[in-house]
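Just below is one structure, and these are the notes that go with it.
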Amino acid sequence: MHLSEQEIIRRQAKDQLEQLGINPYPSELYPVTHHAGEIKENFTEAKAEEFMEVTIAGRIMSRRIMGSASFAEIQDASGRIQIYIRRDDVCPDEDKTLYNTVFKKLLDIGDIIGVKGYVFLTKVGEISVHVTEFKILTKSLKPLPVVKESTDASGEKKIHDAFQDPELRYRQRYVDLVVNPQVRETFIKRTQLVNSMRDFLNAKGYLEVETPILQPLYGGAAARPFKTHHNTLDMTLYLRIANELYLKRLIVGGFEGVYEFSKDFRNEGMSRFHNPEFTQVELYVAYKDYNWMMELVETMIEKVAIDLHGTTKVQVGEHEIDFKKPWKRLTMFEAIEEYTGIDISEMNEAELNETAKKLHVPVDETMGKGKIIDEIFGEKCEGNLIQPTYITDYPVEMSPLAKKHR
């Protein structure tokens, strides 16, 4: 295995720590009492006595070594905070190894440490922790991408050497979370979103269930499955492409409303619209129709937006999306007419083919009437649907498991 110079130096530092009798990966409990965000939000000089004994832990993100005293910045799940370490405070006896060797020479950016001390304000007014004890919790053997910040003449912060390569960010999510902590908000919002939906559906009295992921017959959608083999039963099984059919069986069995947050798998192409492994929520309720379902969904999503953002309006790129109900409703034919000016509702397959060519929509001879309509809609309408909109009455060829329009 080829190691970079930095990786070699860090491994040597780990070995030296062990020679000093310091375990770079201790397994015992470290009793954290406070977090960076909590301290920075609540500390004032008037409340200083409440912060005379704090224990925090986090990853070293920067250091400034200045002889017998040093500053560092550590980052925990809530944010960053500055720490101040003075040699004679952490090494009150004659032996100064912990500061002179361990802290100054054997620690690196990316290492995780725990510190005990008290909170104070520096001369420039920055909330910091004056360290009286520190302990190594994890020695990092790989260097982090170093994201640098500077302040321009107007006082605005500028980022340099940011970790922005999309390929690296998605393949190394853990690194992205460390050096781009704002990414954590996506994970937090996702959990809040799922909890909000779950609370809404539970309050309606619907039952959350789990259905089989390994299935002897796949169905509920038109997609290619992942295939595996069950050794004991000596049979082929498939990772589910949808959970629809099993949920419907529960309705047949007597439940009036069931839902599931399910992991589904489709062995097909990849794009920003399609992922081989994805999560979806499906809800089935007896005795209802699609008008009732549309009203329920827009009510639920309005609630989710308010729970997450405090408002129904959410900024997405350059667009402000308003999830306030009621949402716009168009049939597929109405949407095509609105965005192309052409009424295709009475056209036969040959006429649809000609219309698609006039609109420069790629079609071929293998496509039937429903598929051509879907292609025209996808090319000419989807990009214009910015605000929440229901598209109803899909071609029957595209919706084999749905009831026909009444």
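Data for the structure
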item: Some residue of the range 366-378 being touching a residue at least 12 places away in the same chain (Cβ under 8 Å), assigned to a helix (DSSP H, G or I) and among the aromatic types (F, W, Y); result: yes
item: Residue that is surrounded by the fewest Cβ atoms within 10 Å (Cβ to Cβ) [pool: residues in the range 364-392 that are in contact with a helix residue (DSSP H, G or I) (Cβ under 6 Å, 6 or more places away or on another chain) and closer than 22 Å to V297 by Cβ]; result: N384
item: Condition met for Y259 (in a strand (DSSP E or B) and not aliphatic (A, V, I, L, M)); result: yes
item: Boolean, I56 is touching a His at 6+ places or on another chain (Cβ under 7 Å), farther than 16 Å from D108 by Cα, of a type in the set (V, I, T) and assigned to a strand (DSSP E or B); result: yes
item: The range 382-402 residues that are at positive phi, paired with ones that are not polar (S, T, N, Q) (beta carbon under 9 Å, 6 or more apart); result: D393/M332; D393/F333; D393/E334; D393/H405
item: Filtered residues of the range 306-335 (kept if in contact with an Asp or Glu (Cβ under 8 Å, 6 or more places away or on another chain), closer than 20 Å to E382 by Cβ and either free of Cβ contacts under 8 Å to residues at least 40 places away in the same chain or in a helix (DSSP H, G or I) (or both)); result: V314, M332, F333
item: Qualifying residue in the range 61-72 (condition: in a strand (DSSP E or B) and either loosely packed, with under 12 Cβ neighbours inside 10 Å or in contact with a Cys (Cβ under 9 Å, 6 or more places away or on another chain) (or both)); result: yes
item: Every residue from the range 166-193 that is over 12 Å from the mean Cα position of the chain (by Cα), over 18 Å from R80 (Cα atoms) and part of a helix (DSSP H, G or I); result: P166, E167, L168, R169, R171
item: Filtered residues of the range 1-53 (kept if in contact with a strand residue (DSSP E or B) (Cβ under 7 Å, 6 or more places away or on another chain), of a type outside the set (A, V, I, L, M, F, W, C) and either on the phi > 0 side of the Ramachandran plot or assigned to a loop (DSSP other than H, G, I, E, B) (or both)); result: P24, Y25, P26, Y30, P31, T33, H34, H35, E53
item: Residue among G125, G117 that is among the small types (G, A, S), over 19 Å from P24 (Cα atoms) and not in a loop (DSSP other than H, G, I, E, B); result: G117
item: Residue in the range 5-19 that is nearest to T138 (Cα to Cα), counting only those that are at pLDDT 95 or above and touching a Leu at 6+ places or on another chain (Cβ under 8 Å); result: K14
item: E318 vs. criteria touching a Lys or Arg at 6+ places or on another chain (Cβ under 9 Å) and of a type in the set (D, E, K, R); result: no
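Yes/no per residue for (1) in contact (Cβ under 8 Å) with a residue 24 or more places away in the chain; (2) of a type in the set (D, E, K, R); (3) under 20 Å from L239 (Cβ atoms):
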| position | (1), (2), (3) |
| --- | --- |
| E260 | yes, yes, yes |
| D264 | yes, yes, yes |
| M270 | no, no, yes |
| H274 | no, no, yes |
| E277 | no, yes, yes |
| V281 | yes, no, yes |
| V285 | yes, no, no |
| M300 | yes, no, no |
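Residue-by-condition table, conditions (1) among the aromatic types (F, W, Y); (2) more than 19 Å from F323 (Cα to Cα):
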site	(1), (2)
R266	no, yes
H274	no, yes
L283	no, yes
W292	yes, no
M300	no, no
L308	no, no
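The values are calculated or read from the model by the stated rules, or taken from the named source; none is laboratory data. Since the structure is predicted, the reported quantities are computational estimates derived from the model, not experimental observations. No Cβ is skipped: glycine too gets one built from the backbone with ideal geometry, and neighbour counts run over all protein chains shown.
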